[in-house]
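The next block holds one structure in the form of structure tokens; read it before the comments.
The values are calculated or read from the model by the stated rules, or taken from the named source; none is laboratory data. Bear in mind that the values here come from a model prediction, so they are computed numbers and not experimental data. Reconstructed Cβ throughout: ideal geometry from the backbone, glycine too, with neighbour counts over all protein chains shown.
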Amino acid sequence: MSTCKAVRVHAAGGPEVLKYDDIDVSDPAPGEIRIRHTAIGLNFIDVYMRTGLYPLPPLPTTIGMEGAGVVDALGDGVTGLNVGDRVAYASQPPGAYAQLRNLAAERVVKVPDAIDDKTVAAMMLQGLTAQYLLRQTYRVQPGDTILMHAAAGGVGLIVCQWAKHLGATVIGTVGSAEKAELAKAHGCDHAILYRDKNFKDEVMALTEGRGVNVVYDSIGKDTFMDSLACLKKRGTMVTYGNASGPVDPFQPAVLGKMGSLYLTRPTLFDYIAERENLVAMADELFDMVSSGVVKIEVHQEYPLSETAQAHMDLEARKTTGSTVLIP
């Protein structure tokens, strides 16, 4: 048994429900490892859990879905890992907002020497999300045109770079001129300031009325119907987040009327449920980062004790790129 600091949710609600607590961490069970975190990733899914939009375990509970660190202890039966190995993960169950945690060994991957701890902590959930969006949910081909909402965010900057590498034309939506320049510096060909212009009209003008092959939408309610209207016939709508709230119910026949569209609502954890898929996806992501094709932008760091402030800044859209918490 070990004692450490952790940030726990004591009731569903705003950032004020996050408390910096002392917790006990048991020795790892068979098949588990204990990780001593060196950096922890901050993601919008953490907000969804804090607010209760996504179900929480019994309270109080530690949230957080990704982290990096070193193996601190091994449970019985664990092979292929040693105490002191550098590892990273993006995985259920929640529990990353802590100095120490136990996790199934099959959920972690070893970190290449070429990638530092803060970078890997910031890239696992967002980078693996970018991998499945671009390479599996809709496999982007040279000559495709894509629309990426929140193009200056953590997933957005990765997708812009990776999609450009794949030969796509990238249209992104952003909230400020500063974010537009950031997105353009990372491969976004056209950055639309959605507060100033109607993004649907801009997309149709940029594509000469043809629309895009795929829309990647993590915003949800506020953008959903206009995102559908940006698609070519038989285009693909990928809704993978709810930053503005859940999408309102609608009739599936709408997809037919708008051009026989495809609609999917993927989640990362289905794509990485099998270890061989997790390892293959992580290997491709690590290759993209190690080679310099994708640069991970860690623009914000907060001490773990200031996680509530990090949540406030994330929800206020004050952050760009990726954010890490330092235990």
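For first residues located in segment 207-218 and in the same structural domain as residue 168 (by TED's automatic domain parsing), partners that are buried (at least 21 other Cβ atoms within 10 Å of the Cβ) and small (Gly, Ala, Ser) and lie 6+ apart or on another chain with Cβ distances below 7 Å form the pairs 211/235; 212/235; 213/235; 214/235; 215/227; 217/227; 218/150; 218/241. Here residue 213 passes the criteria (1) under 22 Å from residue 155 (Cα atoms); (2) loosely packed, with under 14 Cβ neighbours inside 10 Å; (3) among the polar types (S, T, N, Q) except the one numbered (2). The residues listed here are 64, 41, 75, 80; of these, the one that is over 24 Å from residue 303 (Cα atoms) and either buried (at least 21 other Cβ atoms within 10 Å of the Cβ) or touching a residue at least 40 places away in the same chain (Cβ under 8 Å) (or both) is 75.
Taken over segment 143-160, the residue count meeting the criterion of being surrounded by 24 or more Cβ atoms within 10 Å (Cβ to Cβ) and outside any loop (DSSP other than H, G, I, E, B) is 11. Screening residue 168 on (1) surrounded by fewer than 24 Cβ atoms within 10 Å (Cβ to Cβ); (2) free of Cβ contacts under 8 Å to residues at least 60 places away in the same chain shows it passes everything except condition (1). Does residue 151 satisfy the criteria of being of a type in the set (A, V, I, L, M, F, W, C) and either within 23 Å of residue 228 (Cα to Cα) or in contact (Cβ under 8 Å) with a residue 12 or more places away in the chain (or both)? Here the answer is yes, as residue 151 does meet what is asked. Tallying residues that are part of a loop (DSSP other than H, G, I, E, B) and loosely packed, with under 14 Cβ neighbours inside 10 Å within segment 245-266 yields 9.
The condition (being without any contact (Cβ under 8 Å) to a residue 60 or more places away in the chain and either in a loop (DSSP other than H, G, I, E, B) or more than 15 Å from the chain's Cα centre (by Cα) (or both)) is satisfied by just one residue among 284, 276: 276. Counting only residues that are in a loop (DSSP other than H, G, I, E, B) and surrounded by fewer than 19 Cβ atoms within 10 Å (Cβ to Cβ), segment 84-114 holds 7 of them. From the list 232, 200, 295, the lone residue that is in contact (Cβ under 8 Å) with a residue 24 or more places away in the chain, surrounded by fewer than 21 Cβ atoms within 10 Å (Cβ to Cβ) and touching a Gly at 6+ places or on another chain (Cβ under 6 Å) is 232. When segment 1-39 is filtered for residues that are of a type outside the set (Gly, Ala, Ser), closer than 30 Å to residue 152 by Cβ and in contact with an Asp or Glu (Cβ under 7 Å, 6 or more places away or on another chain), only 38 remains.
Quick one: count up the residues across segment 43-72 that are in contact with an Asp or Glu (Cβ under 9 Å, 6 or more places away or on another chain), aliphatic (A, V, I, L, M) and assigned to a loop (DSSP other than H, G, I, E, B). Even if it seems obvious, please write down each step before you answer.
So the first thing to find is which residues in segment 43-72 are in contact with an Asp or Glu (Cβ under 9 Å, 6 or more places away or on another chain), and the list is 43-44, 47, 60, 62-65, 68-71.
With the extra rule that they be aliphatic (A, V, I, L, M), the set shrinks to 47, 63, 65, 68, 70-71.
Still in the list and also assigned to a loop (DSSP other than H, G, I, E, B): 63, 65.
Number satisfying all stated conditions: 2.
The residue pairs whose first member lies in segment 11-23 and is assigned by TED's automatic domain parsing to the domain that holds residue 308 and touching a residue at least 24 places away in the same chain (Cβ under 8 Å), whose second member is loosely packed, with under 14 Cβ neighbours inside 10 Å and part of a strand (DSSP E or B), and whose beta carbons are closer than 9 Å, counting only pairs six or more residues apart or on different chains, are 23/3.
Of all the residues in segment 220-246, those that are among the small types (Gly, Ala, Ser), within 17 Å of the chain's Cα centre (by Cα) and modelled with pLDDT of 95 or more number 0.
Tell me, yes or no, whether segment 208-219 has at least one residue that is assigned to a helix (DSSP H, G or I) and modelled with pLDDT of 95 or more. Talk me through it step by step, then tell me what you get.
Of segment 208-219, the ones assigned to a helix (DSSP H, G or I) are none.
Among the residues of segment 208-219, not one is assigned to a helix (DSSP H, G or I) and modelled with pLDDT of 95 or more, which makes the answer no.
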